[in-house]
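Working notes for the structure below.
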Amino acid sequence: MSTVYLNTLPIEILYHIIDYLDIETIFFSFRSVCKHFYSIVNSYNNYDFNFESISKSNFNIICRMIPFEQVISLTLSNKDKTHGQIPLFLSLFNLTQFNRLRSLKLIQIEDNDLKLFLNSIIHLSSLISFSIDLQTLNIRKNTSLNLLSSTINDHSFQQLDLNMWPKDMTEFQWSINSTINYLRIRNSITIKQFYIILQHCPCLQTMILKDFNIDDNSEYVPTDIQFFQLKSLTCMNGRIEMSKIEQCLSLIPKLIHLKLIGHGSLFNSTFDGYRWEQIFLDKLPLLKKFEFFISVLTDVHFDTNNIKQIISFFQTPFWLNEKQCFVICDYIIYLHKLILYSIPICHNHFEYYSNLNKVSASNFLMKDKNSLIMNNIKQLDLDLSQVINNNENSLSFQNVNELIIGINGEWPKDSLTFLSTTINLLNLVKLSLSVHFSHEYMPSIISGTNKLLKYAVNIHTLALFDYLAPQNCTTNMETVCLILTSNIKHLHIRVKNSDDMKYIIDNVKYLKSVTFEYPQNFMFHHQDCIDYLSVLKEVSSIWECQYALHVWLSQN
């Protein structure tokens, strides 16, 4: 059998490989392998320049090599780890240089910078996808809202993603016959706004929003008009109010897919499978897929026998045969929390509770579906002490990339075996750890964390918190340095003063950024800390937000 080398593959296959690489890997690794790969990178014309998590130094280098006409997707971010990136980009480039750009995503953008982008977008006829996350909560009192409305209405966007102050949406003007077929609104809207959007967007097939949780009792919505274009509706991370959901579903009888993630109520039938069945039969005859993850805090005297009754309404032929909708109901005893969800779980965050702490029921045999339940989970939250001490059989979370661990006491024995069989450690990129910062437990905590980081080699972000006093600061900086390994590039810790900050900066030389958080109840002289950090040669820049200082380090 002959050996095939990567550099002998047809150029079309190499282009396809580049499609799956991030921009840093392309320019700093693939491009440097050989002259052939260098020329391949230079001729590739489908670049996705996603700068959401890039370091400042790498951003500056890549900006000097940007092939404008070969970029089809651009993501810029002003989030904590990349603060100041958007104005820096604007100082270097004119957006109109990217004449093949099809997708533009602006994260945490300031109002003045947004205006500059909006004035340039009008010249980009190729742009079909636009996403903005406004850093300013309310833009009603300036011209940006009108400019945003006119830009969207004058452009033939197909996909639109808006994160705006809810009341700004009230004044947002939609054009007649908009070309948008995918719309995401990351805030609450009224039913009236939902109606107006459907009225003005005849091509709209997919809509994602937070919820219909704004009081709109005074707004009249016609009940005799229906819209047939919408095929998929998702409500995420808000309140699931049955009456409002039902009213909205009456407007869209051709819906095929419905997803609901949020907080429900035991008093408005959110957990009532019979009520959902009647709504779907009466209003959504074409519905094929119903996904949900709904939780609620109950009365302390909640009768756990109610769980079987809740599940009984999902054991009808409608749910099991026609919709093939498999449902689990968990009651977390010590939290008085009820969770009802379909599988595979449609939420990307999951809290793993010990079997001894919950009562569960399902409309299927659990062992038959175990391999399907957790496929969509990206963020896993668990109390490692409880799970290990109860010797539970683990589920499989193979796609998790962020792990949140709580440990009450010493690092549990055999926890590495448990974690390695429960999740794919190589997929992890972020670890949040809540532990006891006390002399009694620190040796085992340091050893256990080091072992985990040794096997989870792709973790680059570590956040440390106090298990018993998360709002205070008992963190010892010497201990933090012993926990850290060289693969950690971004650190989030709580500090008491500038001495804590200096200790980390002086003793950990491989970090790219540090978020120093300080307790709200401390007399913390943050300006003194800013002045102190500003003169350190290791510090590249500082970004201050509420109760935290974000520091970028120049040595990396």
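The values are calculated or read from the model by the stated rules, or taken from the named source; none is laboratory data. Keep in mind it's a predicted model, so treat the numbers as computed, not measured. With ideal geometry, Cβ positions are generated from the backbone for all residues, glycine too; neighbour counts draw on all protein chains shown.
Results, tabulated for the structure shown:
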item	result
Subset of region 188-211 [assigned to a loop (DSSP other than H, G, I, E, B) and either modelled with pLDDT of 95 or more or out of contact with any Cys (no Cβ under 8 Å at 6 or more places or on another chain) (or both)]	Ser188, Ile189, Thr190, Cys201, Pro202, Cys203, Leu204, Gln205
Tally, over region 416-468, of residues that are small (Gly, Ala, Ser) and under 26 Å from the mean Cα position of the chain (by Cα)	5
Failed item, numbered, when Ile423 is tested on (1) β-branched (Val, Ile, Thr); (2) surrounded by fewer than 20 Cβ atoms within 10 Å (Cβ to Cβ); (3) touching a residue at least 24 places away in the same chain (Cβ under 8 Å)	(2)
Top-ranked residue in region 60-79 [being part of a loop (DSSP other than H, G, I, E, B) and under 19 Å from Ser541 (Cα atoms); ranked as modelled with the lowest pLDDT]	Lys79
Hits in region 39-94 (condition: of a type in the set (D, E, K, R) and touching a residue at least 24 places away in the same chain (Cβ under 8 Å))	Asp48, Glu52, Lys56, Glu69, Lys79, Asp80, Lys81
Test for Phe212: is it under 25 Å from the mean Cα position of the chain (by Cα) and more than 24 Å from Ile343 (Cβ to Cβ)	yes
Unique match (being modelled with pLDDT under 95, hydrophobic (A, V, I, L, M, F, W, C) and buried (at least 19 other Cβ atoms within 10 Å of the Cβ)) among Ile339, Ile311, Ile343	Ile343
Conditions (1) more than 27 Å from the chain's Cα centre (by Cα); (2) under 18 Å from Ser540 (Cα atoms); number of the one not met by Asp499	(2)
Positions within region 116-145 being under 18 Å from Phe172 (Cβ atoms), at pLDDT 90 or above and in contact with a helix residue (DSSP H, G or I) (Cβ under 8 Å, 6 or more places away or on another chain), in sequence order	Phe117, Leu118, Ile121, Phe130, Ile132
Top-ranked residue in region 215-246 [being within 25 Å of Tyr341 (Cα to Cα) and among the charged types (D, E, K, R); ranked as modelled with the highest pLDDT]	Lys231
Selected residue [under 22 Å from the mean Cα position of the chain (by Cα) and farther than 16 Å from Lys323 by Cβ] from Ile245, Ile252, Ile240, Ile225	Ile240
Positions within region 146-187 being in contact with a helix residue (DSSP H, G or I) (Cβ under 7 Å, 6 or more places away or on another chain) and assigned to a loop (DSSP other than H, G, I, E, B), in sequence order	His155, Phe172, Gln173, Trp174, Ser175, Ile176, Ser178, Asn187
